[in-house]
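Any read-out appearing in this document is the output of simple, stated calculations on the displayed coordinates, not a laboratory observation. Since this is a predicted model, take the numbers as computed values, not measurements. Glycine gets a Cβ as well: all are built from the backbone with ideal geometry, and neighbour counts include every protein chain shown.
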Amino acid sequence: MQYYSRAYQMQYGMLQASTEGHVKTALKGRDKDLLRSQLIAWKEYRPHVDLWAVVDPRMRTIASLNTKDSGRLMPLNGLVEKALGSRGPIISTEVIPHELLMAEGLAGAASITAEDGRVLGDGLMLVVVTPVVDANGSVLGAIISGDLINNDFFVPDSLSESISGSIVAISMGGAQVSTNGVDEDGIRTVGRLIPEAVLDELEAGLGYRGEIDIAGKAYMAAFDPIRDNEGLVIGSLFVGLQKE
């Protein structure tokens, strides 16, 4: 599925990285400088990765792509603990709180003003957590990689190329955070709200199939809920085709 394509790339790359001897040695030795230089090097090949960090078994950062700070707790809504416990990589969509985005220098990139005037400070992110395990099976820590969806139009643009004439949007809660849809001025309609009737269905854990109005035009719409690692509905993926 196009929605997960970048996450699969991150997972594949970090699975390879997690087997590298120098990565394991650096994690064991808590070599912050070496690990951060490795994250910076990886970023050159995966420029879309917005958050990259290495954490210890207590989920505290040893190194981060975006900051020289270390020692910050990064549980990511229980996702990191779940991955460490399973000793296997996990892909999930999560709502990243404003405080973490601020610490990682991503608050500006994530910020969206909804059409009702609310400023959305949190961010929707595709996250991959890849545990690093030594030869004895002991968990040394994990590599966290994340692709911020807010204001990133890769998925809507890619999907709309596959479905000619479609409008595609990803929403966090009830507001669009990424879309290929534009207004009369050609500006992407980030911040547009989902119709309440649709939102009620999504919040009940259901998808929605039916007709909706977008800027005075009728569209046949399909909404599917997006869930976090705990199964809670945190957003939706929408594809719409204008009725003829």
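Structure notes:
- Restricting Glu211, Glu201 to residues that are surrounded by fewer than 16 Cβ atoms within 10 Å (Cβ to Cβ) and either of a type in the set (Gly, Ala, Ser) or touching a strand residue (DSSP E or B) at 6+ places or on another chain (Cβ under 9 Å) (or both) narrows the list to Glu211.
- Cβ-Cβ distances below 7 Å connect the following pairs, each with a first residue in the stretch 19-45 that is within 18 Å of Asn136 (Cβ to Cβ) and in contact (Cβ under 8 Å) with a residue 40 or more places away in the chain, a second residue that is surrounded by 15 or more Cβ atoms within 10 Å (Cβ to Cβ) and among the small types (Gly, Ala, Ser), and a separation of six or more residues or different chains: Val23/Ala17; Leu27/Gly141.
- The set of residues from the stretch 208-241 being outside any strand (DSSP E or B) and either closer than 18 Å to Tyr4 by Cβ or in contact with a Leu (Cβ under 6 Å, 6 or more places away or on another chain) (or both) comprises Asp228, Asn229, Gly231.
- Scan of the stretch 161-198 for residues that are aliphatic (A, V, I, L, M) and out of contact with any strand residue (DSSP E or B) (no Cβ under 6 Å at 6 or more places or on another chain), ordered by number: Ile163, Ile187, Ala197
- For the stretch 183-203, the set of residues classified as more than 11 Å from Phe153 (Cβ to Cβ) and either in contact with a Ser or Thr (Cβ under 9 Å, 6 or more places away or on another chain) or in contact (Cβ under 8 Å) with a residue 40 or more places away in the chain (or both) consists of Asp183, Thr189, Gly191, Arg192, Leu193, Ile194, Val198, Leu199, Leu202, listed by residue number.
- Taking the numbered list (1) more than 17 Å from Asp228 (Cβ to Cβ); (2) touching a Ser or Thr at 6+ places or on another chain (Cβ under 8 Å) in turn, Leu51 passes all entries but (1).
Table: residues versus (1) at positive phi; (2) of a type in the set (A, V, I, L, M); (3) surrounded by 18 or more Cβ atoms within 10 Å (Cβ to Cβ).
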site	(1), (2), (3)
Tyr3	no, no, yes
Met10	no, yes, yes
Leu15	no, yes, no
Lys28	no, no, no
Leu35	no, yes, yes
Gln38	no, no, yes
Ala41	no, yes, no
Lys68	no, no, no
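- Qualifying residue in the stretch 189-197 (condition: in contact with a Lys or Arg (Cβ under 8 Å, 6 or more places away or on another chain), of a type outside the set (Lys, Arg) and part of a helix (DSSP H, G or I)): no
- Within the stretch 43-63, restricting attention to residues that are over 15 Å from the mean Cα position of the chain (by Cα) and closer than 25 Å to Tyr3 by Cα, the residue that is surrounded by the fewest Cβ atoms within 10 Å (Cβ to Cβ) is Glu44.
- With respect to being among the hydrophobic types (A, V, I, L, M, F, W, C) and under 20 Å from Gly123 (Cβ atoms), Ile234 fits the description.
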